[in-house]
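Here is the structure we will look at.
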Amino acid sequence: MKKPIKLVALDIDGTLIDDDYNVSKNTIEAIKSLVTKGINIALVTGRANKAANKVKNQIGIDLPIISHNGGKITLANGEEISNIKLPISMVKKIIQYGEEHNIYTKIYIDDIFYVDVENEATKYFAKNHGLEYKVVKKLGEDVIEDCNMVLLIYDEAINQEERDRFKDLDLDITMSTPYALEFIPKGVSKGNGLKKLSEILGVSREEILAVGNSLNDLSMLQFAGTGIAMKNSDENLLKLWNKISEFTNNEEGVYNLLKELII
């Protein structure tokens, strides 16, 4: 007999929120109803913790958050369980590659991101995610501490050959869009973050529902007893995952899954 769901892990961008960065009223009501019934709802995201909190505040209740693609875990009461970072020596190698190839580079240290170019995309991103950012003259010189995540953001979709250039670095790489490589500490993933949270909550894999839309969601879809990709998922994920929602993030895809749990 299949075990009932006790933990729902939700990606944020392209999954929980629509393209206007909003959580629908129906989805909010469904989440609150499930939490009242004792079902845990967790936000699992590549965002920084503060940016995830902005979405949590829309929902209006305290929820556990797995941020930075699994590197940081915060319980619903605000207690920080883990905060794993890339050593600065590794970060500098990525920065150097970005500088040599003129690739837009973004460095995350907790809830602040660092860039050496301020453009409209930077301002738009910071505003919509509720994050502070700092513009420095030279990332390789001005960033001097360990970092949660480094992003290289390209003008064109990234191929496997480009990704393979970094295979000798002792870290992991994931993608939330086809245009960005996200460098995170070795062993960090949404799946491993979800595993750690589930152990704390006393929930088995079979009792987990995970929902996502990008390649960085694959590990948690694989870990969960039930993993669902959104209809609007990017091609990189759909090539590897065949359990797909009938709805997109703009069609209340998450709500249409959650309502099945409300009995």
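The values are calculated or read from the model by the stated rules, or taken from the named source; none is laboratory data. The model shown is predicted, which means the values in this text are computed figures rather than measured ones. Cβ placement follows ideal geometry from the backbone for every residue including glycine, while neighbour counts extend to all protein chains displayed.
A compact table of results
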| item | result |
| --- | --- |
| Qualifying residue in segment 26-38 (condition: of a type in the set (Ser, Thr, Tyr), over 19 Å from the mean Cα position of the chain (by Cα) and not assigned by TED's automatic domain parsing to the domain that holds GLU252) | no |
| Subset of segment 122-144 (residues that are out of contact with any Phe, Trp or Tyr (no Cβ under 8 Å at 6 or more places or on another chain), more than 20 Å from GLY70 (Cα to Cα) and part of a loop (DSSP other than H, G, I, E, B)) | LYS137, LYS138, ILE144 |
| Those residues of segment 1-56 which are hydroxyl-bearing (Ser, Thr, Tyr), surrounded by fewer than 16 Cβ atoms within 10 Å (Cβ to Cβ) and either touching a strand residue (DSSP E or B) at 6+ places or on another chain (Cβ under 9 Å) or assigned to a helix (DSSP H, G or I) (or both), in sequence order | SER33, THR36 |
| Residue within segment 177-185 that is at pLDDT 95 or above, surrounded by 14 or more Cβ atoms within 10 Å (Cβ to Cβ) and among the small types (Gly, Ala, Ser) present | yes |
| Residue selected from segment 209-234 under the condition in contact with a Ser or Thr (Cβ under 6 Å, 6 or more places away or on another chain) and among the β-branched types (Val, Ile, Thr), by the criterion surrounded by the fewest Cβ atoms within 10 Å (Cβ to Cβ) | ILE228 |
| All positions within segment 68-84 that are at negative phi and either surrounded by fewer than 21 Cβ atoms within 10 Å (Cβ to Cβ) or assigned by TED's automatic domain parsing to the domain that holds LYS138 (or both) | LEU75, ALA76, ASN77, GLU79, GLU80, ILE81, SER82, ASN83, ILE84 |
| Some residue of segment 132-154 being polar (S, T, N, Q) and without any contact (Cβ under 8 Å) to a residue 60 or more places away in the chain | no |
| The lone exception for SER214 - which of (1) in contact with an Asp or Glu (Cβ under 6 Å, 6 or more places away or on another chain); (2) free of Cβ contacts under 8 Å to residues at least 24 places away in the same chain; (3) among the hydroxyl-bearing types (Ser, Thr, Tyr) it fails | (2) |
| Enumerated strands (runs of 3 or more DSSP E) restricted to segment 145-205, each holding at least 3 residues that are aliphatic (A, V, I, L, M) | 149-153, 180-185 |
| Candidates ILE153, ILE184, ILE112, ILE144 - the one that is over 23 Å from ASP20 (Cα atoms) and either small (Gly, Ala, Ser) or more than 15 Å from the chain's Cα centre (by Cα) (or both) | ILE144 |
